[in-house]
Amino acid sequence: MTASVKSIGQRLKENVEKVIIGKQREVTLTLIGLLCQSHILIEDVPGVGKTMLAKALARSIGCNFSRIQFTPDMLPSDITGVSIFNQQTQEFEFRPGPLMAQIVLADEINRATPKTQSSLLEAMEERQVTVDGTTYQLAQPFLVLATQNPIEYEGTFPLPEAQLDRFMLRIRLGYPSSTDEVAILESQQFVHPIDATQQVVPVEELIEAQEEIKAVYVDRQIKQYIVDLVSITRTHDDVYLGASPRGSLALYRASQAKAALAGRDHVLPDDVKDLAVTTLAHRLIVNPAARLKDVNAERIITDVMKQVPVPGATLGMRQ
């Protein structure tokens, strides 16, 4: 079981890394989100490959790709679709919006108004879209990769907690190293490598892998470890609002996917520790007083991990 998931992960990783050079961890995190049927928030400056990451992933699994450029004047119907009256048939016809794709890049999501941002909530949580009282199911797999610029705040609307909580992971690509940037220049001398990206994993095989990771064994003490980490964020002195149970489930499921990608049928405490910041930090609201002291959510999660005892090294294995 885990061998097939590992094989799928290796094929996808190698294919995507032909386009996204030098970002092995970030590509792996994206695959974890894909395997968990969850969504990813990419918070980074322009020009580091966010769009190419989404395109390369979509082409690698043969899924249709849609890019939505969010702007302040965008309406919810511009995303979900609209019903138009056909005078010939005397009936309303639904014209699907760009959200009705399998891999959706929500570019600069924080530039849209809260009303428009909220049009994504139903799709992200329930895999469906309701327009004019009619519900339309979204195709599988369905993944939203949203981006936002952490530097430029003028003309933006901060994502509400309900929206942030629906993203399993928040990742940052960051600038490439000097060596990797030279490799990027050489790889794009004549054509962009995205043009040569081919499908390497059938959609049906991916959907099977998404179900298989749910069977990865998680010891009860590791489950308790996850819950303890999340619980402390709710009572931490520097936190106004801690992580929700959805955060616990995100860390639990992401740990299963990480273990399966490594070829294991059980989760280790190190899997949880490695993913805690990525899955939990964006769910915290830090107190204003703590922000003045330059305390951020990542630092709080790191401190929390130091407070909670780590289960024994042998606990990950099935007894």
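The values are calculated or read from the model by the stated rules, or taken from the named source; none is laboratory data. Bear in mind that the values here come from a model prediction, so they are computed numbers and not experimental data. Neighbour counts run over all protein chains shown; Cβ positions are idealised from the backbone, glycine included.
Among the residues of segment 241-266, count how many are more than 22 Å from residue 300 (Cα to Cα), assigned to a loop (DSSP other than H, G, I, E, B) and out of contact with any strand residue (DSSP E or B) (no Cβ under 7 Å at 6 or more places or on another chain).
3
So is residue 189 under 30 Å from residue 253 (Cα atoms) and either in the same structural domain as residue 275 (by TED's automatic domain parsing) or exposed (fewer than 14 other Cβ atoms within 10 Å of the Cβ) (or both) or not? Break it down into steps so the answer makes sense when it comes.
Working: under 30 Å from residue 253 (Cα atoms): no; either in the same structural domain as residue 275 (by TED's automatic domain parsing) or exposed (fewer than 14 other Cβ atoms within 10 Å of the Cβ) (or both): yes.
Taking the combined requirement at face value, the residue does not satisfy it.
Is it true that some residue in segment 25-47 is in contact with an Asp or Glu (Cβ under 9 Å, 6 or more places away or on another chain), surrounded by fewer than 21 Cβ atoms within 10 Å (Cβ to Cβ) and either within 23 Å of residue 199 (Cα to Cα) or in the same structural domain as residue 255 (by TED's automatic domain parsing) (or both)?
No: segment 25-47 contains no residue that is in contact with an Asp or Glu (Cβ under 9 Å, 6 or more places away or on another chain), surrounded by fewer than 21 Cβ atoms within 10 Å (Cβ to Cβ) and either within 23 Å of residue 199 (Cα to Cα) or in the same structural domain as residue 255 (by TED's automatic domain parsing) (or both).
If you scan segment 76-130, which residues turn out to be basic (Lys, Arg) and farther than 13 Å from residue 39 by Cβ? Lay out the reasoning, then the answer.
Let us first name the residues in segment 76-130 that are basic (Lys, Arg), namely 95, 111, 115, 127.
Across segment 76-130, the qualifying residues are 95, 111, 115.
Any residue that is basic (Lys, Arg), part of a helix (DSSP H, G or I) and out of contact with any Lys or Arg (no Cβ under 6 Å at 6 or more places or on another chain) - is there at least one of those in segment 82-96?
no
Quick one: residue 285 ticks every box in (1) among the β-branched types (Val, Ile, Thr); (2) more than 18 Å from residue 31 (Cα to Cα); (3) in contact with a Gly (Cβ under 7 Å, 6 or more places away or on another chain) except a single one, so which number is it?
Result: residue 285 fails condition (3) only.
Go through segment 120-177 and count every residue that is of a type in the set (Ser, Thr, Tyr) and either under 17 Å from residue 279 (Cβ atoms) or buried (at least 17 other Cβ atoms within 10 Å of the Cβ) (or both).
Residues in segment 120-177 being of a type in the set (Ser, Thr, Tyr) and either under 17 Å from residue 279 (Cβ atoms) or buried (at least 17 other Cβ atoms within 10 Å of the Cβ) (or both): 1 in total.
Only residues that are in contact (Cβ under 8 Å) with a residue 60 or more places away in the chain and not acidic (Asp, Glu): list them for segment 21-30, please.
First, the residues of segment 21-30 that are in contact (Cβ under 8 Å) with a residue 60 or more places away in the chain: 21-23, 26, 28-30.
Result: 21, 22, 23, 28, 29, 30.
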